[in-house]
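The values are calculated or read from the model by the stated rules, or taken from the named source; none is laboratory data. Just so you know, these numbers come straight off a predicted model, no measurement behind them. Don't worry about glycine lacking a Cβ; one is built from the backbone with ideal geometry, like all the others, and counts go over all protein chains shown.
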């Protein structure tokens with residue numbers, strides 16, 4: 001699956017509230033003071049950084065997103081093909 005197509009599927013799922021948040025992402029977002037709603041809202045303007053189609057257990061992408069305060073974060077999203085949902089894997093600030 002090409003990266004932009006993969007990003008489009010994840011973007012569509014998130015925009016239609018078909019996404020889940022991993023325990024890891026929930027913990028890291030709390031630790032880094034990143035609100036999950038900002039990541040969900042920011043997916044519409046996300047820029048693809050890397051595609052990881054062979055990630056296990058699900059293929060993932062790394063995108064760069066902006067928070068409402070203008071901060072940039074990198075976010076890893078997974079595609080759950082069976083349920084056609086996106087999964088927030090983690091988010092972090094680049095140094």
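Scan segment 41-56 for residues that are out of contact with any strand residue (DSSP E or B) (no Cβ under 8 Å at 6 or more places or on another chain), surrounded by 12 or more Cβ atoms within 10 Å (Cβ to Cβ) and closer than 20 Å to residue 24 by Cα and jot them down. Please lay out each step first, then the result.
Taking segment 41-56 as the starting set, the residues that turn out to be out of contact with any strand residue (DSSP E or B) (no Cβ under 8 Å at 6 or more places or on another chain) are 41, 44, 53-54, 56.
Checking which are surrounded by 12 or more Cβ atoms within 10 Å (Cβ to Cβ) leaves us with 41, 53.
Listed by number, the list holds a single entry, 41.
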Query raised in the report: Would you call residue 88 surrounded by 17 or more Cβ atoms within 10 Å (Cβ to Cβ), touching a helix residue (DSSP H, G or I) at 6+ places or on another chain (Cβ under 6 Å) and either more than 18 Å from residue 12 (Cβ to Cβ) or at pLDDT 95 or above (or both)?
Result: yes
Report task. Determine whether segment 57-77 contains at least one residue that is touching a strand residue (DSSP E or B) at 6+ places or on another chain (Cβ under 7 Å) and touching a residue at least 60 places away in the same chain (Cβ under 8 Å). Result -> yes
Report task. Working only within segment 28-40, note down all residues that are more than 11 Å from residue 73 (Cα to Cα) and either surrounded by fewer than 16 Cβ atoms within 10 Å (Cβ to Cβ) or without any contact (Cβ under 8 Å) to a residue 24 or more places away in the chain (or both). Result -> 30, 31, 33, 35, 36, 37
Query - Residues within segment 37-74 that are within 12 Å of residue 21 (Cα to Cα) and in contact with a helix residue (DSSP H, G or I) (Cβ under 6 Å, 6 or more places away or on another chain), tallied - result: 1
